[in-house]
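**Q** The structure follows.
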Amino acid sequence: MDSRRPPLVPACPTLPEYVRHWAGTTPDRRAFTFVEHPAPHSRGVHRTLTWRRLDVRVRAIAARLTGATDPGDRVALLCPQGTEYVTAFLATLAAGLVAVPLYTPGLPGHADRLAGVLDDARPSVVVTTSRVVDEVREFLGADGPRIVVADEVPDGEGRERRPVAPDPGATAYLQYTSGSTRAPAGVEITHGNVVANARQALTAYGLDTRLPTCVGWLPLYHDMGLVLSVAAPVARGALSVLMDPAAFLHEPVRWLRLLAAHPNAVSAAPNFAYDYCVATVTAEQKEHLRLDGVTALINGSEPVRPGTADRFHAAFADQGLAPGTHCPSYGLAEATVFVCAARPGEPLSRFALDRDALAAGKALPARPDDPRAVLLAGCGTPAGQRVRVADPVSRALLAEGEVGEIWVQGPNVGRGYWSRDPREVFAAQFADAAADPGPWLRTGDLGTVLEGRLVVTGRLKDLIIVDGRNHYPQDVEATVQEAHDAVRRDRLAAFAVPGGAGGECAVVVAEHTRTTHSAELDVAALTRAVRGAVSARHGLRLADVVVVAPGTVPRTSSGKVSRALTRTRYLEGAYGGRARAAGAAV
């Protein structure tokens, strides 16, 4: 087959069937490449699997798993980022088992979450690699589940195994939520869900008509990383180029170099990553970058700020980056991942909204230069599914421009939560059920529709309600990090705590920058600047401002700041014993 022509895409019902198809029709095409960075400033060592080689490894590991499990058993993936993670995930699906994408015990700060998820999922087998098997064995203990070391399973083990097509309606994997606002829950994603969402994403970003290269550093246990770096390229027969998240954080230009090196590159990252590149990629590193081949840069997982997109494109315009590559998107684990997306090539849709009206549930326009305006990016239109906005209390369907809870319906919506009643979240009905029949997924996210585009305003459970007024925490956080140069960007949390007379008061816990030494920091001046900015812009009096060292504010396994855990630690007095009720001033 001519390697320059894109392969014809069949309509397979499951990912393992796609793997077998590409192994049979395009066996020598590259399927997955993992770029290792064994030394500081390393340009990377590339390790590649062709579709034929991927199929061999999937068959072998599937055969080993089949011999160690019963149908429907859970298989926890405790592998480092790399091709073994991909083969272990696809092999679990091919064996008709339920994958639980996780991470190694060595991920800093997440051992308790890992233990909690394993206790909830109750896997009968854990798949890992020889590089980390000792730490996995120590973490699981003597009574833990059986361990399969993926890279030690010989190829020949799958030679006699006859492929069995999984049921598209059966659960393929449990995608545990990030836990940014509550305890992690395992969403049951079926084989049909993940294939549907992969196709939706490919269509939304225009990748169904051109052969892309998916370039990613997001962890594969994260929903966006798993779908964009594994499911979508498998469904499209496209190359997926992976790197470790730590390699990106150590030297962000590595991500940009991979984007530059591959045609029709598409990638995804949370908002902070784009600001991080602007702040750290040097003029010398930019010299040899050519980014004119980048098709789409998906911005999701965190609130998308128009200013971030502007700064990123200004920083890399001389490298040929087209302004229409930035694609603000919205999704969540309960919907596999992708829900709405801005299309490549479209100008960034931005909205300046009146802050007071927004707090009262109305999206009214404001002047962009008004200091009390809220600047939000539109997250495009639905990616092959239906999206509505409802009053979270009355469940009444809301009109365009009214703010409420985002509800979703489509073939990508998961079956429910593992071992929990799914009806409240996954089987919602509008008050007038006949007008728009369910079931609907209640996302817990707040938003509105403007000019036909979804605009996400925040999380329902995160709202700070003081004196009867609603305040969005990410809006307060944006003000705080602009108030003083020593506040570390995207490493702070605003939340509500119990106040006087049964009410609530607002608190901010913020890390100072790594370049600022604690002994030299004027905490009083920083606090005054933060209080003044929040008061002027939001009409909100902060009950407490706590400045902490870099790395102190807890994050979820996907890298987002966990407001819930920060709030818990604050109330427990973990930040210098300063927790207080009744809104006492500091």
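The values are calculated or read from the model by the stated rules, or taken from the named source; none is laboratory data. These numbers were taken from a predicted model, which means no experiment stands behind them. Neighbour counts are summed over all protein chains in view; Cβ atoms, including those assigned to glycine, are modelled from backbone coordinates with ideal geometry. Remember, those area values only see protein heavy atoms, side chains included, never the ligands or the DNA or RNA. Shrake-Rupley method; radii C 1.70, N 1.55, O 1.52, S 1.80 Å.
**Q** Answer yes if at least one residue in the stretch 437-445 is more than 30 Å from Pro101 (Cβ to Cβ) and open to solvent by 10 Å² or more (accessible area, probe 1.4 Å), and no otherwise. Talk me through it step by step, then tell me what you get.
**A** Restricting attention to the stretch 437-445, the residues satisfying the condition of being more than 30 Å from Pro101 (Cβ to Cβ) are 437.
Imposing the further condition that a residue be open to solvent by 10 Å² or more (accessible area, probe 1.4 Å) reduces the set to 437.
The answer is yes; a qualifying residue exists.
**Q** Same structure, new question: Taking the residues in the stretch 554-586 that are at positive phi and surrounded by fewer than 20 Cβ atoms within 10 Å (Cβ to Cβ) as candidates, determine which candidate is modelled with the lowest pLDDT.
**A** Ala582
**Q** Let me ask something else about it. Of the residues Asp369, Asp318, only one is farther than 19 Å from Gly447 by Cα, in a loop (DSSP other than H, G, I, E, B) and either at pLDDT 95 or above or among the acidic types (Asp, Glu) (or both); which? Before the answer, list the steps.
**A** Details: Asp318 fails: in a loop (DSSP other than H, G, I, E, B).
Answer to the check: Asp369.
**Q** Say we look at the stretch 237-279 and pick out the residues that are open to solvent by 20 Å² or more (accessible area, probe 1.4 Å) and within 16 Å of Met224 (Cα to Cα); which of these is modelled with the lowest pLDDT?
**A** Phe272
**Q** Just to check your reading of the model, which residue among Thr203, Thr209, Thr177 is surrounded by fewer than 17 Cβ atoms within 10 Å (Cβ to Cβ), of a type in the set (S, T, N, Q) and either without any contact (Cβ under 8 Å) to a residue 40 or more places away in the chain or over 26 Å from Ala238 (Cβ atoms) (or both)? Full working, then the answer.
**A** Details: Thr203 fails: either without any contact (Cβ under 8 Å) to a residue 40 or more places away in the chain or over 26 Å from Ala238 (Cβ atoms) (or both); Thr177 fails: surrounded by fewer than 17 Cβ atoms within 10 Å (Cβ to Cβ).
Result of the check over Thr203, Thr209, Thr177: Thr209.
**Q** Please go through the stretch 315-344 and give me each residue that is in contact (Cβ under 8 Å) with a residue 24 or more places away in the chain, touching a helix residue (DSSP H, G or I) at 6+ places or on another chain (Cβ under 8 Å), among the small types (Gly, Ala, Ser) and more than 17 Å from Met224 (Cβ to Cβ), ordered by number.
**A** Ala315, the sole residue that qualifies.
**Q** Sticking with this one: Only one of Pro365, Pro411, Pro382, Pro371 is touching a residue at least 12 places away in the same chain (Cβ under 8 Å), open to solvent by 10 Å² or more (accessible area, probe 1.4 Å), closer than 30 Å to Gly324 by Cβ and touching a Cys at 6+ places or on another chain (Cβ under 6 Å). Can you tell me which? Can you show your working first?
**A** Details: Pro365 fails: touching a Cys at 6+ places or on another chain (Cβ under 6 Å); Pro411 fails: touching a Cys at 6+ places or on another chain (Cβ under 6 Å); Pro371 fails: touching a Cys at 6+ places or on another chain (Cβ under 6 Å).
Matching residue, one of Pro365, Pro411, Pro382, Pro371: Pro382.
**Q** So, of the residues in the stretch 140-160 that are in contact with a Ser or Thr (Cβ under 9 Å, 6 or more places away or on another chain) and either basic (Lys, Arg) or open to solvent by less than 70 Å² (accessible area, probe 1.4 Å) (or both), which turns out to be farthest from Val187 (Cα to Cα)?
**A** Taking the stretch 140-160 and keeping what is in contact with a Ser or Thr (Cβ under 9 Å, 6 or more places away or on another chain), we get 145-152.
Now restrict to residues that are either basic (Lys, Arg) or open to solvent by less than 70 Å² (accessible area, probe 1.4 Å) (or both): 145-151.
On the way: Pro145: 22, Arg146: 24, Ile147: 24, Val148: 24, Val149: 26, Ala150: 25, Asp151: 28 Å.
That would be Asp151.
**Q** Among the residues of the stretch 241-293, write down those that are polar (S, T, N, Q) and closer than 20 Å to Arg30 by Cα. Reasoning before the result, please.
**A** So the first thing to find is which residues in the stretch 241-293 are polar (S, T, N, Q), and the list is 264, 267, 271, 280, 282, 285.
If the condition is that a residue be polar (S, T, N, Q) and closer than 20 Å to Arg30 by Cα, then Asn264, Ser267 are the ones that fit.
**Q** Which is at pLDDT 95 or above, of a type in the set (Ser, Thr, Tyr) and within 16 Å of Val304 (Cα to Cα), of Thr479, Thr443, Thr448?
**A** Numbers: Thr479 fails: at pLDDT 95 or above; Thr443 fails: within 16 Å of Val304 (Cα to Cα).
After applying the criteria, what remains is Thr448.
**Q** Here's a follow-up. Sort through Ala360, Ala314, Ala283, Ala342 and tell me the only one that's open to solvent by less than 60 Å² (accessible area, probe 1.4 Å) and either among the hydrophobic types (A, V, I, L, M, F, W, C) or farther than 30 Å from Val413 by Cα (or both). First the steps, then the outcome.
**A** Details: Ala360 fails: open to solvent by less than 60 Å² (accessible area, probe 1.4 Å); Ala314 fails: open to solvent by less than 60 Å² (accessible area, probe 1.4 Å); Ala283 fails: open to solvent by less than 60 Å² (accessible area, probe 1.4 Å).
Only one candidate passes the filter, namely Ala342.
**Q** Might you let me know whether the stretch 392-407 holds any residue that is without any contact (Cβ under 8 Å) to a residue 60 or more places away in the chain, β-branched (Val, Ile, Thr), surrounded by fewer than 16 Cβ atoms within 10 Å (Cβ to Cβ) and farther than 24 Å from Gln200 by Cβ?
**A** Scanning the stretch 392-407, I find at least one residue that is without any contact (Cβ under 8 Å) to a residue 60 or more places away in the chain, β-branched (Val, Ile, Thr), surrounded by fewer than 16 Cβ atoms within 10 Å (Cβ to Cβ) and farther than 24 Å from Gln200 by Cβ, so the answer is yes.
**Q** Return the residue satisfying two criteria in turn: it lies in the stretch 496-511 and is of a type outside the set (Gly, Ala, Ser) and open to solvent by less than 10 Å² (accessible area, probe 1.4 Å), and of such residues it is farthest from Ala360 (Cα to Cα).
**A** If we filter the stretch 496-511 for residues that are of a type outside the set (Gly, Ala, Ser), which is where we start, we get 497-498, 504-505, 507-509, 511.
Of the ones still in play, those that are also open to solvent by less than 10 Å² (accessible area, probe 1.4 Å) are 497, 507-509, 511.
Details: Val497: 21, Val507: 21, Val508: 22, Val509: 26, Glu511: 31 Å.
Looking at the filtered set, the residue picked out is Glu511.
**Q** Exactly one of these conditions fails for Arg488: (1) in a strand (DSSP E or B); (2) open to solvent by 60 Å² or more (accessible area, probe 1.4 Å); (3) out of contact with any Phe, Trp or Tyr (no Cβ under 9 Å at 6 or more places or on another chain); (4) of a type outside the set (Ser, Thr, Tyr). Give me its number.
**A** Condition (2) is where Arg488 drops out.
**Q** Take residues that are touching a Ser or Thr at 6+ places or on another chain (Cβ under 6 Å) and tell me which of the helices (runs of 4 or more DSSP H) falling wholly in the stretch 188-280 contain 2 or more.
**A** Values: elements: 191-204, 223-226, 232-236, 245-250, 253-261, 271-280.
Per the criteria, 191-204, 271-280.
**Q** So which residues in the stretch 70-93 are open to solvent by 10 Å² or more (accessible area, probe 1.4 Å) and in a helix (DSSP H, G or I)?
**A** Kept after step one, since they are open to solvent by 10 Å² or more (accessible area, probe 1.4 Å), are these residues of the stretch 70-93: 70-74, 80-81, 83-84.
Thr83, Glu84, listed by residue number.
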